[in-house]
1. When the gyration tensor of segment 730-879 is built from Cα positions, what are the square roots of 5 times its three eigenvalues, in whole Å, from largest to smallest?
2. Per residue of segment 704-709, in order, report the coupling 6.51 cos²θ - 1.76 cosθ + 1.60 (Karplus, θ = phi - 60°) as ³J(HN,Hα) in whole Hz, putting x for Gly and Pro.
3. With θ set to phi - 60°, apply the Karplus curve 6.51 cos²θ - 1.76 cosθ + 1.60 along segment 513-524 and write out the HN-Hα couplings as whole Hz, x wherever there is a Gly or Pro.
4. For a quick check: with amide H placed at 1.01 Å from N, whose amide H comes under 5 Å from Gly495's, ignoring anything fewer than 5 positions away on the same chain?
5. Rank by packing, highest mean first: peptides 478-484, 603-609, 645-651, with packing defined as the count of other Cβ atoms within 10 Å averaged across residues.
6. Tell me, what ³J(HN,Hα) does each residue in segment 763-777 have, in order and in whole Hz, if you take phi through Karplus 6.51 cos²θ - 1.76 cosθ + 1.60 with θ = phi - 60° and put x for Gly and Pro?
7. Report the local net charge at Phe111: Lys and Arg +1, Asp and Glu -1, summed over other residues whose C-beta lies under 12 Å from its C-beta.
8. May I ask for the Kirkwood hydrodynamic radius of segment 99-218, worked out over all distinct Cα pairs and given in angstroms to one decimal?
Amino acid sequence: MEELSKRYNPAEVEDKWYEHWLKAGHFHSEPDEREAYSVVIPPPNVTGQLHMGHILNNTIQDTLVRRARMEGKNACWVPGTDHASIATEAKVVNMLREKGIRKSDLTREEFLKYAWEWTDKYGGIILHQLKKLGASCDWGRTAFTLDEVRSDAVIDVFIDLFKKGKLYRGKRMVNWDPAAQTVLSNEEVIYEEEKTTLYKVRYKVEGATDEWITIATTRPETILGDTAIAVHPDDERYKHLQGKKAIVPLINRVIPVIADAYVDKEFGTGALKVTPAHDINDYEIGIRHHLDVIDVLNPDGTMSPAATLFIGMDRDKARKAMFEALTESGHIISTEDLIHNVGRSERTRVVVEPRLSLQWFVDMRAIAAPALTSVLENEIQFYPDNLKNTYRHWMENIRDWCISRQLWWGHQIPAWYLKTEGNDKVFVAKTVEEALEQAKKLTGRADLITADLIQDADVLDTWFSSWLWPISVFNGWKDEKEFNYYYPTSVLVTGWDIIFLWVARMIMAGYEWKGAKPFDAVYFTGMVRDKQRRKMSKQLGNSPEALGLIEQFGADGVRYGIMASAPAGGDILFDEKMCENGRNFCNKLWNALRLVKSWNVDDQLKQDDGRLLAINWIRSRLNQEDANLRQSYSTFRLSEGITSLYTFVWDDFCSVLLEIIKPSFGDALDRKSYEAVLDIFEEISQLLHPFMPFITEEIWHQVRERKPGDDCMIAQVALKPGPVNEELIEVFSHLLAVKSSVLELRNQYQISPKEPIALTYEDHPDLSVLWKIPGTDFIVQKLANATKAVGVADGVSFLAGKYQYHTVLNIKVDKEAELVRMKEELAYYEGFVSSVDKKLSNEKFMANAKAEVVENERQKKADGEAKIAQLMRSIANLN
């Protein structure tokens, strides 16, 4: 076996083992007799680059998948990407613009050729970046939401919903993105509080000499589309104006003053300008009162010819121009600052415009019920559980889903219209030939040909393909063997921010087309934030470059850093210091390996009692950690699992066990102890592997010679943890307390670690039993260079746990100082016991606290009282 380098080198180790795992086929899965454990990746945008959210999400998935693989399950983690209609089309348009080409100069086919070329060149970057993280995906199964299998599923589902009457086409008020020039679903609009201006504008009452009605608006440019002014029917200020007419400033359009209960008498002036084309509530008022609809904005957010003024001007510039014109004409009464919610496009971040548009919608109420029941009845488990309330609120107030998008990149809607008749008659079919047969049948015209039909130009919302992901990645409509084996998937790991956009829709799709849930559990990760609790973003400059972190700290260091920072469901306050801790942990493991491999081993030596006792103790502690870790996996509390393992390895294994086991300089170690340490190192590697796969694989192969294929990542863990000797753990806990007290004593009196300290203890039956256990003397001597003496020394006393020890030091002890110290310690414990006693005397606490909590408090009180008694005896002896 090659000599170990002095320093752990992540770059060499990570590339080497990842290539090895790939060549060995460890990531690949096919249906067999084993229990399936399947996970589908939340497909990142094909435009994406690895960021901290991806690192968190995919580290969690990889940890779960690797653990399942080591439990003997047939683990299948399906990777893939999302075609991301809006984002990708924007990238391609920008790329073409740099070449001097405008989208409007191209045919659809020409544009799509460029889009596919761009996707082939840049689309897989993020998947390659995930490999640097150690993601053990089955790369041969890589799916793309726009590939042939996924596209077939999307078209089939659209047709099926249309035939069932659960999908319809209608003219409704929608959210419009002027930058992307497409409609958005409600869930793609992000509302944030922003500062804006509230303008108070007066309209002259028709026929009056000097009578006016004043409205308040944040969007004066839309005044050009006003078709009424509304007041509340019970508003005494305006009752005399109801039924009269007012004149729109600047353009002199005469509009009615109407009464409608929607108007808030307390907001602004109590009079509401009604612009049905540019506000959903105004639109509803317009329907009730049969008002005209005047759209003053073009799709790109510029003023339309219907505005009559500022035509072609951007809406923001038009707002300023309108304010100046209204001021000059004397129509502005006042302005004031206002904080209110503004809806922005999730993709382009521009302010969304309400727009009346003919679009395709899914009737969500028709398919929502099973998806709500399955979560509320825990057929699908949510972690954390409290997100069920959020889910229920949304599902019980669900709105129809607008699924059409005015783009070219995506799944073109499988609907055709007759060129000569506009879009009055629609023929939904998989091919133009099938649509033609429908057209002939519906119109009675046998002479129709395919050239008479035109396909709907819009594409489907990207989420319309993503909601089929758990079904379509296993080709759920055509490959029953694969689908039935892997579906439902085991767990979905995703952010809570897309609980509606994606999670709820996948659940609905699973029940609608397969009559079954898409996954057993959903683990919602928190949002990655900086130390100031700000969401990480490129704009704020507070998001570290993900690959740069891996290069600096190693993949295992970064994985540890993000996992140790990530409580279940809570936001992650990310600090690079945690990645540094992860890198240091790798170095600690590496140095421990180098230490163990440097020992001389003598097969003739007999194992002494102290080393045997220490090995039996570490096995019980390891089994404890194993049990705790299993609980962490079952409840998705992975952060607790890795931090507990970290503490065990650093403190118990490295700082205690190896110190006890290691031979003195120049001596050899017995074979039995040496092999036991190697066994424990192997088991630690197995427990750590899902979290930190690279260094554990390297250690696994360095600890012992391995046969080809005997890799850590497929080494099976025990089905259940081994036995735990609680009494031995308690004994060791006391020995470690003695060690800590002796080290404090050395520090207090400046005594060299090389100088032995002789200890005596008070006459206590528990201590008499403990110190008669073979090997205890050896352990304390190794850890603290302390030996057990006979009799009670009249010297310095100290507490180890709740027991009192004495030692005679070769120094002059300041009795007065000792008395002060012990009295301070006595006062502390008296206060401690008093606080615990108050808690136990509190009726509310005793009535509401769990039995184990109460028992823990009682034990704390008993321990405190024992320490008080010991201190009082020591003070009496010193006096």
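The values are calculated or read from the model by the stated rules, or taken from the named source; none is laboratory data. Since the structure is predicted, the reported quantities are computational estimates derived from the model, not experimental observations. No Cβ is skipped: glycine too gets one built from the backbone with ideal geometry, and neighbour counts run over all protein chains shown. Each accessible area value is taken on the protein alone, full model and side chains, heavy atoms only, with ligands, DNA and RNA left out. Shrake-Rupley method; radii C 1.70, N 1.55, O 1.52, S 1.80 Å.
1. 31, 20, 13
2. Rounded to whole hertz, the list is 9, 5, 10, 7, x, x.
3. The phi angles translate into 10, 10, x, 8, 5, x, 7, 7, 8, 10, 9, 8 Hz.
4. Long-range HN contacts for Gly495: Thr525.
5. 645-651, 478-484, 603-609
6. Coupling constants for segment 763-777: 6, 9, x, 4, 5, 4, 5, 4, 6, 8, 5, x, x, 5, 4 Hz.
7. -1
8. Numbers: mean 1/r = 0.0471 Å⁻¹.
Final number for the Kirkwood radius of segment 99-218 is 21.2 Å.
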